[in-house]
Amino acid sequence: MTIPANALELRSKIADSTLTLSLEPVSLEEPGGDQVIVAMEAAPINPSDLGLLLGPADVSTMKSSGSADRPVLTFAIPEQALPTVAARQGESMPVGNEGAGKVIAAGPDAQHLMGRTVALFGGSTYATHRVARAKDVLPLPEGASARDGAAAFVNPLTALSMVETMRMEGHKALIHTAAASNLGQMLARICRDDNVPLIGVVRSDEQAAILRDLDVKYIADSSKDDFRKTLADACALVDATLAFDAVGGSLSGELVAAMETALTRDEPYNRYGSPRHKQVYVYGMLDRSPVQVPRSVGMSWSVSGYLLPHFLAKAGPEVNKAMRERVAAELTTTFASHFTSEVSLTEALDPDNLRAYAKMATGEKYLIVPQG
Ligand SMILES: NC(=O)c1ccc[n+]([C@@H]2O[C@H](COP(=O)([O-])OP(=O)(O)OC[C@H]3O[C@@H](n4cnc5c(N)ncnc54)[C@H](OP(=O)(O)O)[C@@H]3O)[C@@H](O)[C@H]2O)c1
């Protein structure tokens, strides 16, 4: 395959109080050294991608313009949200955290990758083509398609990192919220296969059913009246002192409170609460309201942010390698992602499609197919 003169990249730009999405041409050069050019075939739309793609834009203000092959969408950003995006004012930002495709050109030190289907991570994947270093791509196992490998990094590695963190920090079990998400289903399979006690927090009967099908034994539904008791009872049964929370808001505090309630059931009274440390890692922003913790949870707790790249930097090369090898080996089983819709780059800028994927609903994952 010859290198096209121009590639197209989906870009998100904020200028004053307007956010614009467009497809912009990028020029490609012959790759040198260990560089490869990947013709992108599949890239998932994850909640973290939406954070950059749409920022705090108000989707109800969307306006469509441009042409059929170069559509443009614009949105208003609410006045009060402007300070949160001051650092990206005027910058045309490429979007897409991860994806997969075929290597169509390779520098002299990356010839072994020529023609291989590879997954990659690190931005600019909503594009017809992406330049990468050989060491940053994951060659997919024989028979695996770009669609199989499109989501091989962000959710699989994050799910694995949760179990690693539990072991490294000496906890015995995990609580996970938004637990029927794509990532949540991967975590449920890992915990089932590795015998890790898991409490799944969901917000509907349908989500509880998804987890039951994955053999999750402890499920607490936040839409039910007995949520607090169910969660605290489960915490007591598995001795939970660690939670990964994708939601935030008041739920983070509910998790600390449930762990504290469970611990203090069997401990002698202490006016400072249980001395055992309770940790909640807030790793998503599904609820954008402030994180709140009730003051009835004693003094041994912490609620902090969590990001996969920070974990990977801390865990070191051996843990990183082992995690990547497990993802490659279990790509179509433990780490399978189910995509309900596929859109081309231009279709990703169709107003109806955008409204649908911006909802981030359970089981409605979109895949961008840039060669489509
Ligand atoms: N920190 C990191 O390094 C990192 C890495 C990877 C992923 N993440 C985060 O992991 C989370 C899951 O990602 P994913 O790709 O697996 O998501 P997904 O498959 O798109 O699913 C999103 C889930 O969140 C639920 N949800 C949405 N808003 C909610 C709310 N306000 N309260 C409770 N549940 C809500 C949805 O349920 P409904 O159908 O009920 O709306 C759905 O089950 C995201 O928050 C993402 O940002 C973080």
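The values are calculated or read from the model by the stated rules, or taken from the named source; none is laboratory data. Because the structure is a prediction, the values reported are computed rather than measured. Positions of Cβ are generated from backbone atoms using ideal geometry, with glycine treated the same way; all protein chains shown enter the neighbour counts. Only protein heavy atoms, including side chains, enter the accessible area calculation; ligands, DNA and RNA are left aside. Shrake-Rupley method; radii C 1.70, N 1.55, O 1.52, S 1.80 Å.
Descriptive notes on the structure:
- Any chance ARG116 is over 22 Å from PRO309 (Cβ atoms) and within 18 Å of the chain's Cα centre (by Cα): no
- In the range 293-309, residue nearest to THR261 (Cα to Cα) [restricted to those that are open to solvent by 30 Å² or more (accessible area, probe 1.4 Å), more than 14 Å from the ligand (Cβ to nearest atom) and part of a loop (DSSP other than H, G, I, E, B)]: SER296
- Any hit, the range 255-273, residues being within 16 Å of the ligand (Cβ to nearest atom), under 19 Å from the mean Cα position of the chain (by Cα) and assigned by TED's automatic domain parsing to the domain that holds PRO197: no
- Screening the range 140-256 for strands (runs of 3 or more DSSP E) wholly inside it with 2 or more residues that are open to solvent by less than 10 Å² (accessible area, probe 1.4 Å) returns the ranges 174-177, 198-202, 242-245.
- Of residues in the range 318-336 being open to solvent by 30 Å² or more (accessible area, probe 1.4 Å) and among the small types (Gly, Ala, Ser), the one nearest to VAL369 (Cα to Cα): ALA336
- Filtered residue count, the range 256-305, keeping only those that are hydroxyl-bearing (Ser, Thr, Tyr), out of contact with any Gly (no Cβ under 9 Å at 6 or more places or on another chain) and over 17 Å from ILE175 (Cβ atoms): 1
- Count of the range 76-113 residues which are over 23 Å from ALA43 (Cα atoms) and part of a strand (DSSP E or B): 2
- So PRO47, is it of a type outside the set (Phe, Trp, Tyr), free of Cβ contacts under 8 Å to residues at least 40 places away in the same chain and surrounded by 15 or more Cβ atoms within 10 Å (Cβ to Cβ): no
- Against the criterion of being in the same structural domain as MET285 (by TED's automatic domain parsing) and within 21 Å of the chain's Cα centre (by Cα), SER181 qualifies.
- For GLY253, the conditions (1) within 30 Å of PHE121 (Cβ to Cβ); (2) free of Cβ contacts under 8 Å to residues at least 60 places away in the same chain all hold with the exception of (1).
- Of all residues in the range 22-44, those that are free of Cβ contacts under 8 Å to residues at least 60 places away in the same chain have Cβ atoms under 8 Å from Cβ atoms of residues that are polar (S, T, N, Q), 6 or more apart or on another chain, in PRO25/ASN6; SER27/ASN6.
- Taking the criterion of being open to solvent by 40 Å² or more (accessible area, probe 1.4 Å) and over 26 Å from ARG130 (Cβ atoms), the residues of the range 77-97 that qualify are PRO78, GLU79, GLN80, PRO83, THR84, ALA86.
- Boolean, GLY284 is at pLDDT below 95 and among the small types (Gly, Ala, Ser): no
- Among the conditions (1) open to solvent by less than 50 Å² (accessible area, probe 1.4 Å); (2) assigned to a helix (DSSP H, G or I), the only one that LEU120 does not satisfy is (2).
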